[in-house]
Amino acid sequence: MTSLMTRRTLMASALGLGVTACTTADQEALLGILAETTGGTSGVGLTQAEAAAGIRAALNNGIGSAISTVGRNGGYLNDGIIRIPLPGFLGETQTTLARFGLSGALDNLQVQLNRGAEAAAPVARDIFVQAVSSLSIQDAIGIVRGPSNAATQYLQRTTTPRLTSLFRPIMVNALQQAGAIQTYDNLVASMRNIPLAPQYGADAKDQLIDHGVSKGLDGVFYYIGQEEAAIRRDPVKRTSEILRRVFG
């Protein structure tokens, strides 16, 4: 009984919660998770606000690393994991024409689509950082209990609709600057004069842009997740005091 009370008291201290704030099962589970995740030393004595600050710091580090990775020449295009393919029928047509060495225009469109994402990602950095600031204390506690990319999953789950609407105009501008929009318009116009060539509807351009936005965000989230996992796993990646206290 004494041992159980001691563990409850330690849990309350670790999370900055009153003993009655969680069920006994929750207290026991959280204590075990903190011990398993951090070798049994971190988390003890942290307030809830400090725990949340640590999660936010991990995500901000992940965002910075991800933007640096994808927001450079070849960041998407030369990365086999996050390279953006052409969507739907455009991609199918590209594959078919490539067999005959005739996919040059579509290959160029894919290059420009990836170049657009590479240009758009750094411009959207503040959007990601603002999203992290909304993470609540209870969210942070749940993230501590989660897998190695739990914070990234939370960010992706809760912010994707808003990020998509904010990221889209940035992506449109980047695609225009990269020449993708003009290439697409020229491609569609040339196909109108080719018998039996696929004809793309008025909404196909929007689908191309939406695809670029979705895949562009996926690439950022992928590398945020990689950085989060590294912070949890590798002490060298814990570059601030709050990261060392929460994860060290």
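Per-residue answers, yes or no, for (1) at pLDDT 85 or above; (2) closer than 20 Å to Arg232 by Cα; (3) in contact with a helix residue (DSSP H, G or I) (Cβ under 6 Å, 6 or more places away or on another chain); (4) assigned to a helix (DSSP H, G or I):
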position	(1), (2), (3), (4)
Asp26	no, no, no, yes
Glu36	no, yes, no, yes
Thr41	no, yes, no, no
Glu50	no, yes, no, yes
Ala53	yes, yes, yes, yes
Gly62	yes, yes, yes, yes
Ile67	yes, yes, yes, yes
Gly75	yes, no, yes, no
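The set of residues in the range 142-165 being assigned to a helix (DSSP H, G or I), more than 15 Å from the chain's Cα centre (by Cα) and surrounded by fewer than 21 Cβ atoms within 10 Å (Cβ to Cβ) consists of Gly142, Ser165. Residues considered: Gln138, Gln110. Of these, the only one that is under 14 Å from Ile209 (Cα atoms) and open to solvent by 20 Å² or more (accessible area, probe 1.4 Å) is Gln110.
Residues in the range 214-248 that are charged (D, E, K, R) and surrounded by fewer than 17 Cβ atoms within 10 Å (Cβ to Cβ): Asp218, Arg233, Asp234, Glu241, Arg244.
Cβ separations smaller than 9 Å between residues 6+ apart or across chains give the following pairs from the range 85-96 residues that are surrounded by 13 or more Cβ atoms within 10 Å (Cβ to Cβ) to residues that are among the aromatic types (Phe, Trp, Tyr) and assigned to a helix (DSSP H, G or I): Leu90/Tyr184.
For (1) modelled with pLDDT of 90 or more; (2) basic (Lys, Arg), each residue gets a yes or a no:
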| site | (1), (2) |
| --- | --- |
| Thr159 | no, no |
| Pro169 | yes, no |
| Thr183 | yes, no |
| Ala189 | no, no |
| Leu196 | no, no |
| Ala204 | no, no |
| Gly216 | yes, no |
| Arg232 | no, yes |
| Ile242 | no, no |
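Suppose the filter is among the charged types (D, E, K, R), open to solvent by 50 Å² or more (accessible area, probe 1.4 Å), touching a helix residue (DSSP H, G or I) at 6+ places or on another chain (Cβ under 8 Å) and in contact (Cβ under 8 Å) with a residue 40 or more places away in the chain; does Arg115 pass it? For Arg115, the condition - among the charged types (D, E, K, R), open to solvent by 50 Å² or more (accessible area, probe 1.4 Å), touching a helix residue (DSSP H, G or I) at 6+ places or on another chain (Cβ under 8 Å) and in contact (Cβ under 8 Å) with a residue 40 or more places away in the chain - is met. Can you tell me which residue within the range 87-141, out of those that are among the hydroxyl-bearing types (Ser, Thr, Tyr) and assigned to a helix (DSSP H, G or I), is modelled with the highest pLDDT? Checked the range 87-141; the qualifying residue modelled with the highest pLDDT is Thr95.
The values are calculated or read from the model by the stated rules, or taken from the named source; none is laboratory data. Quick caveat, the model's predicted, so the values are computed rather than measured. Don't worry about glycine lacking a Cβ; one is built from the backbone with ideal geometry, like all the others, and counts go over all protein chains shown. Keep in mind that these areas ignore ligands, DNA and RNA; they rest on the heavy atoms of the full protein, side chains included. Shrake-Rupley method; radii C 1.70, N 1.55, O 1.52, S 1.80 Å.
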